[in-house]
Amino acid sequence: METDQTTADVVVVGGGVAGLSAATFTARADLDTLVLDAGGSILRRNAHLENVPGFPAGIDARLFLDLLSEQAERAGCRRVEATVTRLRQRDHEPDRPRFTVETADGDRYESRYVVAATKNTVEYLTGVDGVELVDRGKTFVATDERGRTGVPGLYAAGRLAGKPHQAAVSAGHGAEVAVTLLEDDERPFYHDWVAPDGYFTDRGRDVPPGCEEIDATEREARDAESRTLLRDRLAEPHPSDQPTHPSLVDDEPSD
């Protein structure tokens with residue numbers, strides 16, 4: 001049976017906070033970004049998330065993940081439910097895929113960059129020449145201060161890179177890793193700032209890369225859309241059941 005093959009600029013392995021944050025930044029910078037998500041983010045077990053900025057009374061952790069996923073998709077990111085089983089390096093040629101990412105379903109995805117953001121799941125990285133795994137009770141991937149591994153084009157973000165196990169930290173590190181990737185791709189410095197009309201141009205300056213200027217009408221429209229979206233998403237409790245730790249789930253009775 002033939003396997004599906006898809007090419008992207010960036011494949012993000014893991015759909016948790018770090019992975020979705022990284023994917024949002026690379027997608028907004030016009031890199032074709034694909035998230036492969038096995039659906040096992042530990043944050044979904046959290047009863048109520050109370051340590052991320054912007055939510056004074058906290059927020060449902062599963063809703064927070066859903067909002068992050070929706071934000072990544074609005075930025076242009078694609079998302080596929082898949083468990084990654086293997087990462088292979090390819091012979092590198094400029095502007096050609098460096099990696100092949102294989103899944104449990106037999107699908108293959110080729111990309112120039114990979115961001116590994118799978119908490120402590122590292123089996124798919126074993127055997128990749130240049131990846132250093134560190135055992136500190138949990139297994140982490142050794143990186144430099146910006147999330148680069150020993151393999152050019154391969155990055156690790158969030159808990160997998162040894163960052164503290166906090167949602168806010170994972171979000172920030174995912175963003176930092178994405179900006180590092182963009183710098184390594186020799187993209188212009190990434191501001192990601194929406195400014196009022198004339199903020200730069202009225203001073204005789206070009207609008208910096210990643211920025212845009214919007215007039216009052218556009219600002220009001222975007223503000224209204226954001227308020228409407230949040231009212232809709234926060235109107236009702238999250239519909240899915242609250243998951244628990246796998247060790248507390250009874251095994252299925254045997255026949």
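Projected label points at ALA195 and ASN51, each 7 Å from Cα along the beta carbon direction, are separated by 3.6 nanometres. Positive-end ranking of ALA216, ALA8, ASN120 along the dipole of the chain, with charges on Cβ about the Cα centre, is headed by ASN120. In the Gaussian network model of the chain, springs joining C-alpha atoms below 10 Å, which of ALA22, ALA221, ALA142 carries the largest mean-square fluctuation? For the chain, modelled as a Gaussian network with Cα springs under 10 Å, the answer is ALA221.
Net length available on complete extension from ILE214 to GLU183 is 8.6 nm, with 0.36 nm assigned per residue and the Cα-Cα distance removed. Directionally averaged projected area (the stretch 2-44, Cα convex hull): 3.4 nm². For the stretch 94-236, the per residue solvent-accessible surface stands at 54 Å², with DNA, RNA and ligands left out and a 1.4 Å probe.
Summing +1 for each Lys or Arg and -1 for each Asp or Glu among the other residues whose beta-carbon sits under 14 angstrom from that of LEU234 gives -1. Split the accessible area of the stretch 1-157 by element, probe 1.4 Å, and carbon with sulfur accounts for 43%.
Packing, taken as the mean count of other beta carbons within 10 Å per residue, orders the peptides 179-185, 47-53 from highest to lowest as 179-185, 47-53. Across the alpha-carbon set of the stretch 1-131, the Rg to Rh ratio works out to 1.00, Rh being the Kirkwood radius.
By the gyration tensor of its Cα atoms, with a ≥ b ≥ c the square roots of the eigenvalues, what is the shape of the stretch 134-219: rounded for a/c under 1.5, prolate for a/b over b/c, or oblate? Verdict is prolate for the stretch 134-219. Full extension of the chain between ARG222 and ASP66 gives 54.1 nm of extra length, using 0.36 nm per residue less the Cα-Cα distance.
By the equivalent-ellipsoid construction on the alpha carbon gyration tensor, the chain comes out with semi-axes of 31, 26, 17 Å, ordered largest to smallest.
The values are calculated or read from the model by the stated rules, or taken from the named source; none is laboratory data. Please read these numbers as outputs of a predicted model, since none were measured by experiment. Cβ atoms come from the backbone with ideal geometry, glycine included; neighbour counts cover every protein chain shown. The area values use the complete protein model at the heavy-atom level, side chains included, leaving out ligands, DNA and RNA. Shrake-Rupley method; radii C 1.70, N 1.55, O 1.52, S 1.80 Å.
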